[in-house]
Structure formats: C-alpha cells, structure tokens
Amino acid sequence: MNNPETSQILLYKRTHGWFNLIGQYILCIASNLLPCKFEADLGITAIVKNEAFYMKEWIEFHKLVGVEKFYIYDNESTDNLKEVLQPYIDSNEVIYKFIKGKKVQFKAYQDSIIKNRRKVRMMAFIDIDEFITPKKHSTVTEFIKNIETKINHKIDALGINWLMHGFNGYYSKPEGLVCEKFKKCDFSTDWNKHIKSIVNPRSVVLAYHPHFCVHLFGAKKVNTKGEDICGPFSKPDFDKIIINHYWTKSYEEYLERSKKGKADGCIPIPLEYDEKYLSVDENNSTDRYLNLLKEKVNS
C-alpha cells in the first residue's frame, strides 16, 4: 500500500504535471533559505461558503486559544460573510480572498501555503465547524511547545483528532453558541480516528488533502502524544487537546449545508433525523471559554 503522502504526490502529478510538482518542491526548499519575518505564531487557513452566521463565534473562540491570523477564502458566498468579516479585515486579523469555482479547497490551501509560509510559524487547516480546543494548556501554541519539549524535537506537523458532535436532540437551529448548545458527542465512533493538521508551512510541499499535507523529506510529523504519524488517521487521544467537530449542528442546518456541497467536491452524506445521532456522550471541553466567548460574540 502506498504511503499516504506518496498517493497525494501522484494525484497532484496527474492533475498538474511533473513540471508543476517539481516547481512546488523548489518553492518549498527556497522558502527555507530566505529570512522570515513572522506576523504570527499561529494562523488558520479555511475555505468558507455562506457561513456568516457562525463566523464571529469561530474567530473569537480561536483568538481565545491563541490564533492570531485567519486566512479566509470565500468560495462565492451569497450571504453577508464579508460584512461580518470586515472588522477583522480592518484590524488585519483576517486576510480575505474571494475564490470562484467548485472543488477549490486544495487550490485555496496551496495558495495559502505559498503566500504565507514565511509569515506564520505554524498554520492550521480546519473548517468552520471545527474548534481547536486545548484542555490542559492556555493556548494551542503552548501545547505545541510542550510536545516539542517532550520529544526534544521541533515538529513540522501536529495531527489532532477531531471529536464528532451530532444533532444533540435539535431538529431546528437553537439559540446560543454552537460550542454551548452542541456539547453532546460520540467518543466511540471510528470517525474520531481522523486528524486535522497544524503544520510548519515552510516544510509543506503540497496542501492537497483536508487532513494532512505533503512535507519535505525528514519532516517531523506527530500526534498529540508525540508519536510519529503519516496520513489522515491516528488513534484517538482526547487527553490534552482536541478538535471539536460540530459536524451536523441541528438537522435542518445539516440539510441546508448539504445543499451547497463540499469544498473538496465530495458528496454530503444523506442523514435521517435521529436525536441521539453522534450525541450519546457529554463533552465540556469548551466550558472554560464560554463566559468570555459570549462577551466577545455579543460585543
């Protein structure tokens, strides 16, 4: 079986050709030879379509856990997304780009890597329904430093398991914050083996997969225990940091989001309503942020 990174390299080559692939390697190597002037220790790249209602909570939450820059790719939104983002654009916390077309998630990711690899020390690639949540550290950056100290090695990729959250008994959208209303989850589902990655962008050759990147040879890629990993999966570990994945929210919200398709071109999974779907366990990992988060969202 192919190494997951090898599979992505071959896929990229088939789509873009050898010349383009070699060019990406050269760009990556060159980025490590040039001086960097970092604007932030931690940034997030995300592609967004008609998510204006959720954006402020998502941004303010991640600011609380140490994210300083947000690279938002607007995939032809027709709601008031840019209006919601404008204060963050004005403060230079959000770098906004409008991107047209279908199946453009990886185009956006690769664009962000090329443009920002020498501007941020570490970059996360997540979606708007995903909240990176430290449980035993104040910030995500503090956790990364803790892992590097533990293994005595700088890391190029940290794979964090997501924790799947479902309907929480809501057929229709409830009032209140997402991370307050959708605390119920499922610790046992195999979907929790998926990771999302926080990477050293200067080691990334290709950002061509939603869960992991292709790195230069020798890059150090670990899970939240400091163990070496390769690819989109790792045995679930929810001890010190997780990504709360509010995958469905309410049933009606899931149906509405399903209509617009997915940024990677995959077909959304059809679901029937079950109030206990991915909602059998309780997860209170965001509780310590809620009071301050409410103040920020409502200001």
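Evaluate region 66-83: report whether one residue or more is more than 30 Å from residue 174 (Cβ to Cβ), in a loop (DSSP other than H, G, I, E, B) and under 18 Å from the mean Cα position of the chain (by Cα).
Yes: one or more hits.
Rundown of residues vs (1) of a type in the set (S, T, N, Q); (2) more than 30 Å from residue 13 (Cα to Cα); (3) in contact with a helix residue (DSSP H, G or I) (Cβ under 6 Å, 6 or more places away or on another chain); (4) at pLDDT below 95, yes/no style:
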residue: 76; (1), (2), (3), (4): no, no, no, no
residue: 89; (1), (2), (3), (4): no, yes, no, no
residue: 112; (1), (2), (3), (4): yes, no, no, no
residue: 116; (1), (2), (3), (4): yes, no, no, no
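Check 267, 243 and return the single one that is under 26 Å from residue 198 (Cα atoms) and at pLDDT below 95.
After ruling out the rest, the residue left standing is 267.
Scan (1) of a type in the set (A, V, I, L, M); (2) closer than 20 Å to residue 48 by Cα; (3) buried (at least 16 other Cβ atoms within 10 Å of the Cβ) for the single condition residue 205 breaks and write down its number.
Every condition holds for residue 205 apart from (2).
Looking at residue 114 and the list (1) out of contact with any Ser or Thr (no Cβ under 9 Å at 6 or more places or on another chain); (2) surrounded by fewer than 20 Cβ atoms within 10 Å (Cβ to Cβ); (3) not in a strand (DSSP E or B), which single condition is not satisfied?
So the condition that residue 114 fails would be (1).
Does region 39-46 include one or more residues that are surrounded by fewer than 18 Cβ atoms within 10 Å (Cβ to Cβ), under 18 Å from the mean Cα position of the chain (by Cα) and over 19 Å from residue 216 (Cβ atoms)?
Yes, because at least one residue in region 39-46 is surrounded by fewer than 18 Cβ atoms within 10 Å (Cβ to Cβ), under 18 Å from the mean Cα position of the chain (by Cα) and over 19 Å from residue 216 (Cβ atoms).
Applying the selection to region 145-200, what residues are in a loop (DSSP other than H, G, I, E, B), within 21 Å of the chain's Cα centre (by Cα), buried (at least 17 other Cβ atoms within 10 Å of the Cβ) and not aromatic (Phe, Trp, Tyr)?
Hits for region 145-200 are 155, 156, 166, 177, 183, 186, 200.
Out of all the residues in region 232-273, which are over 19 Å from the mean Cα position of the chain (by Cα), in a helix (DSSP H, G or I) and of a type in the set (D, E, K, R)?
252, 253, 256, 259
Kindly indicate whether any position in region 97-109 is under 23 Å from residue 158 (Cα atoms), out of contact with any Cys (no Cβ under 7 Å at 6 or more places or on another chain) and part of a loop (DSSP other than H, G, I, E, B).
No, that holds for no residue.
Name the single residue that is farthest from residue 242 (Cα to Cα) among those in region 217-229 being touching a strand residue (DSSP E or B) at 6+ places or on another chain (Cβ under 6 Å) and in a loop (DSSP other than H, G, I, E, B).
By that ranking, first place goes to 229.
The values are calculated or read from the model by the stated rules, or taken from the named source; none is laboratory data. Being a predicted model, the structure only gives us computed values, none of them experimental. We place every Cβ from the backbone using ideal geometry, glycine too, and count neighbours over all the protein chains shown.
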